[in-house]
């Protein structure tokens with residue numbers, strides 16, 4: 001009877017054997033294609049991790065997370081990606097769009113499987129680079145405006161540097177007579193910092209200026225110390241009779 005008990009216990013012991021993995025055998029080699037992308041609203045960064053090529057199918061999904069920006073596939077900051085064999089390597093790869101404002105972005109990748117290994121993280125970070133303008137294009141809604149606050153024109157400035165510039169670039173709007181004398185007209189609903197489309201805007205009325213006068217409106221980019229730069233554009237507005 002004793003021999004029979006030993007025989008029955010052996011398969012029970014072996015059936016409880018735990019499969020052992022080291023964390024680096026599941027996910028490793030975090031790759032970031034660009035750690036200093038431009039904050040221009042179009043910069044894409046690729047993130048990938050390598051997995052053990054012998055990993056079980058239920059351990060081939062990877063959860064990627066970024067603290068800012070958004071993944072291209074789902075327009076979110078978190079995405080789960082299934083690894084694929086590429087050049088005999090098991091790799092999970094995603095791309096995300098860097099935000100247009102200047103910031104440091106933290107990113108991570110971890111196994112998606114519900115096991116004791118899902119707390120193992122690969123971490124990294126990137127710092128997107130501020131893009132300052134090299135040119136401004138100022139466009140008025142009209143080239144004439146009534147005197148005595150009888151009307152106004154809208155002004156839109158587009159700041160450029162081979163595309164968009166980083167959100168928050170500041171400008172100043174100023175108005176002068178043809179002789180260079182300040183007019184000090186009225187501005188309304190002014191947006192002096194660029195939005196996600198690299199635009200600034202305001203509404204302008206010259207006040208009690210004699211009809212026939214020419215007004216020069218200048219939009220100038222301000223540096224980080226709020227000093228005027230040489231990056232500017234201007235337009236000319238004619239003052240007409242207020243009907």
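The values are calculated or read from the model by the stated rules, or taken from the named source; none is laboratory data. Every value quoted in this text rests on a predicted model; they were computed, and no experiment measured them. All Cβ positions, glycine included, derive from the backbone under ideal geometry; neighbour counts span all protein chains shown.
The table below gives the values:
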quantity: For residue 229: the one exception among (1) closer than 20 Å to residue 102 by Cβ; (2) touching a residue at least 24 places away in the same chain (Cβ under 8 Å); (3) assigned to a strand (DSSP E or B); calculated: (2)
quantity: Count of segment 127-142 residues which are touching a strand residue (DSSP E or B) at 6+ places or on another chain (Cβ under 6 Å) and farther than 15 Å from residue 220 by Cβ; calculated: 7
quantity: The listed residue being modelled with pLDDT of 95 or more, farther than 17 Å from residue 156 by Cα and in contact with a strand residue (DSSP E or B) (Cβ under 6 Å, 6 or more places away or on another chain), out of 228, 232; calculated: 228
quantity: Any hit, segment 84-102, residues being outside the structural domain of residue 222 (by TED's automatic domain parsing), without any contact (Cβ under 8 Å) to a residue 40 or more places away in the chain, on the phi < 0 side of the Ramachandran plot and not in a strand (DSSP E or B); calculated: no
quantity: Check on residue 59, under 23 Å from residue 93 (Cα atoms), in the same structural domain as residue 111 (by TED's automatic domain parsing) and at pLDDT 95 or above; calculated: no
quantity: Checklist (1) under 30 Å from residue 69 (Cα atoms); (2) in contact (Cβ under 8 Å) with a residue 24 or more places away in the chain; (3) surrounded by fewer than 13 Cβ atoms within 10 Å (Cβ to Cβ) applied to residue 200, failing item; calculated: (3)
quantity: Yes/no for residue 218 being modelled with pLDDT of 95 or more, at negative phi and either out of contact with any strand residue (DSSP E or B) (no Cβ under 7 Å at 6 or more places or on another chain) or outside the structural domain of residue 58 (by TED's automatic domain parsing) (or both); calculated: yes
quantity: Selection from segment 160-183 of residues that are farther than 26 Å from residue 224 by Cβ and in contact with a strand residue (DSSP E or B) (Cβ under 7 Å, 6 or more places away or on another chain); calculated: 177, 178, 183
quantity: Residue 104 modelled with pLDDT of 95 or more and surrounded by 12 or more Cβ atoms within 10 Å (Cβ to Cβ); calculated: no
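Listed here are the residues, each with its yes/no results for (1) part of a loop (DSSP other than H, G, I, E, B); (2) closer than 27 Å to residue 120 by Cα; (3) at pLDDT 90 or above; (4) not assigned by TED's automatic domain parsing to the domain that holds residue 197.
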site	(1), (2), (3), (4)
7	no, no, no, yes
13	no, no, no, yes
30	no, yes, yes, yes
45	no, yes, yes, yes
49	no, yes, yes, yes
63	no, yes, yes, yes
75	yes, yes, yes, yes
